[in-house]
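Worksheet: one structure, shown below.
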Amino acid sequence: MTETDAFGEDLADFVRRVGELRTARALPAEEQQGVLDAALFELQHAAESLWPRYERLAARAPDGTPADRRERQLLKTLFQRMPLPVVLVDRDTVVRRMNFAATGLTGVRAGYATGRPLAGLLVSGDRAPFRSQAAATARGEGGRSLSLRLQQRPHEPVRATLVSLPLPGEPQPTVVVVLQPGMAGTASPPPGARAGAVGRRLVPPDLAETTQRAETLDLVDAMASALLACPAGDRDAVAEAAGRVLHGRFADWVVLDTADADGEAPAGAPAGPDGPGGPGGMPPLRRAVVLGPQEEDARSGANGGEPLSKAVREQDPAGCPLVVEVVRGGSASLQVRPEDILAFGEDSSGAAVLARAGVSSLLCLPLPPLPAGGGGSGALGVLTLFRTGARRAFSMAEAQAADVMAHHVALAMRRRPA
């Protein structure tokens, strides 16, 4: 065990003991003297043992010798320039690193994929097997290989080879995933194939993928054009324009909740249960745009029920757990076949909105604030997109494009009249 690993274990033990001491506050006053002595002992241990060890490790850690720095730079360059797509993930398939070839194969830039599960790029049927194999590899049960299908190209199996790789300074092994496009796991070679080309084939350009990317670029361009045509300072016009661009063409349902730029409730916004700041400090939101399939409202009306679009429009955004989670955390949420059927709240009759709408995949994105010093603070709202029925689920590449468009919508809402 390295000194870094030993320090990590000691620090984890220290944190655990501090947690035990915190629970002792409920003891009677006459029994707390011993707890106080133990707390002083732990503080002394942190000051005299843990801190000096941390300083020694920090002094050694930064870059090492010049030879070490050159070696690391060489390995980083080699990793990025490898012709095969390679991804480093943890036992939960969360992406740590992704090289250039992998970004080209998946259609997702490395900065967006980092910190998100690689399993999210796969078709839904391949996610559980991939997670299981990655966890087994990380546990040290040996390398393995399996065929996977990416959402971007579901008809072309990709061979994934998984190997455990212990890295210096990392408490858990990293899993190296090598993706080999054009390799079918059990496919037999075509008649007359050369021996050196068994199991391999040239992959022609994917017309469907190329068309999808072109459509996504057209959508981003249409969004930018629509937002630039909106009058500065008119947030409702921006919200309506964004909804019209996305509705039907990109999503079956478009729901946009907005907040005031300065964190004040917009006109007509319901007051949060914790005061003007909403629950848990969440900025108060109001439902500005709801666009859904007209067929759904026609069916509801024919059956004598309340139109679903009306029910969604009358919802309090604070009653939608998914919206609350996204606006508080500031991170987008992509879900395929949502497990929590109540994630988007209920209608007036108590029926789950996701169930009534038949949502097969959803995207929920924050309208982000400007960077510090940019003239505003606080999220401007949340953009939620549903796809329903048999329509293809949102891919990671589409989520990335939607994230860009959400940034554009937020910028358009920040514009002030000249």
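For the reader, a short list of remarks on this structure follows.
- Any hit, segment 153-164, residues being modelled with pLDDT under 85 and farther than 30 Å from Arg392 by Cβ: no
- The helices (runs of 4 or more DSSP H) found entirely in segment 88-155 that carry 2 or more residues being out of contact with any Phe, Trp or Tyr (no Cβ under 8 Å at 6 or more places or on another chain) and surrounded by 20 or more Cβ atoms within 10 Å (Cβ to Cβ) are 100-106, 124-138.
- Residues of segment 214-236 that turn out to be farther than 16 Å from Glu398 by Cα and open to solvent by less than 30 Å² (accessible area, probe 1.4 Å), as a count: 3
- Residue in segment 237-247 that is at pLDDT below 95 and at positive phi present: no
- Residue within segment 56-73 that is in contact with a helix residue (DSSP H, G or I) (Cβ under 7 Å, 6 or more places away or on another chain) and either farther than 30 Å from Ala101 by Cβ or modelled with pLDDT of 70 or more (or both) present: yes
- In segment 366-375, the residue that is modelled with the highest pLDDT out of those that are surrounded by fewer than 23 Cβ atoms within 10 Å (Cβ to Cβ) and on the phi < 0 side of the Ramachandran plot is Pro368.
The values are calculated or read from the model by the stated rules, or taken from the named source; none is laboratory data. Not measured: the values here are computed from a predicted model. We place every Cβ from the backbone using ideal geometry, glycine too, and count neighbours over all the protein chains shown. Only protein heavy atoms, including side chains, enter the accessible area calculation; ligands, DNA and RNA are left aside. Shrake-Rupley method; radii C 1.70, N 1.55, O 1.52, S 1.80 Å.
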